[in-house]
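> Please see the structure below; I have some questions.
Quick note: the coordinates plus some simple rules give every number you see, no bench work behind them. Predicted, not measured: the structure shown is a model, and the values here were computed from it. Using ideal geometry, Cβ is built from the backbone for each residue, glycine included, and neighbour counts are taken over all protein chains shown.
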Amino acid sequence: MWIYFQGLESSGLPGDAAGFEALFDVEFDELRRRVRAGDAVWLESGFFQLNELYSPRSEPGGDGEFPVFGGRHIPDPGGGPGHAVLEPPEVARAAAYLEGVSFPDRWQGWRQLPSSNSDEELRERLARYHEDLRAFYGRSVERGWSVVKDFSF
């Protein structure tokens with residue numbers, strides 16, 4: 001299970017579900033190259049917990065849902081999880097949210113979900129993901145990009 005985030009110019013957004021599939025139907029090395037270049041982020045596990053940490057029950061529908069799962073849903077005609085797209089204004093809201101949120105404060109106030117990982121392992125992973133997403137969304141705003149999310153469960 002993973003989520004892959006790709007930044008790209010809005011003019012490069014695919015026009016249909018098949019185009020979104022083609023965007024991510026590349027060799028694994030290409031996806032890793034995009035991550036190393038800072039054009040993408042890959043979250044392998046813990047993303048449900050990170051979303052829960054960002055979106056406390058007291059803030060339903062707030063900007064905290066944008067960084068991980070939020071965006072316009074692009075259904076997969078084959079029944080898979082599909083994709084999500086954030087246009088530049090939503091990318092800017094997500095980036096502003098991530099700049100303003102304190103990971104240590106959120107961690108302290110969050111009720112940890114059951115996990116097979118120790119608290120420390122999960123905290124370290126989520127802190128790393130938070131920094132990766134904060135930097136990625138910041139770069140995407142600077143470039144005026146949209147963000148496309150590819151879900152694989």
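> Going by how many other beta carbons lie within 10 Å of each one, how would you line up 132, 25, fewest first?
25, 132
> Can you compute the charge dipole magnitude of the chain about its Cα centre, using +1 on each Lys and Arg Cβ and -1 on each Asp and Glu Cβ, nothing else charged? Give it in debye, rounded to the nearest 20.
Computed about the Cα centre, the dipole is about 280 debye.
> If you build a Gaussian network model of the chain, linking Cα atoms that sit under 10 Å apart, which residue out of 140, 11, 102 swings the most?
11
> Which one of 153, 12, 43 has its Cα pushed farthest toward the positive end of the charge dipole of the chain, where Lys and Arg give +1 and Asp and Glu give -1 at the Cβ?
43
> For a quick check, take a GNM of the chain with Cα springs below 10 Å and name the residue from 71, 19, 38 with the largest mean-square fluctuation.
19
> Further question: What ranking of 26, 141 emerges when the number of other C-beta atoms within 10 Å of each C-beta is taken as an exposure proxy, fewest first?
26, 141
> What shape does the chain take by its C-alpha gyration tensor, where a ≥ b ≥ c are the square roots of the eigenvalues and a/c under 1.5 counts as rounded, a/b above b/c as prolate, and the rest as oblate?
Prolate shape, in that a/c is at least 1.5 and a/b is the bigger ratio.
> While we're looking at this one, here's another question. Averaging sequence separations of C-alpha pairs under 8 Å and six or more residues apart, then dividing by the length of the range 2-152, give the relative contact order as a whole percent.
Once normalised by length, the contact order is 39 percent.
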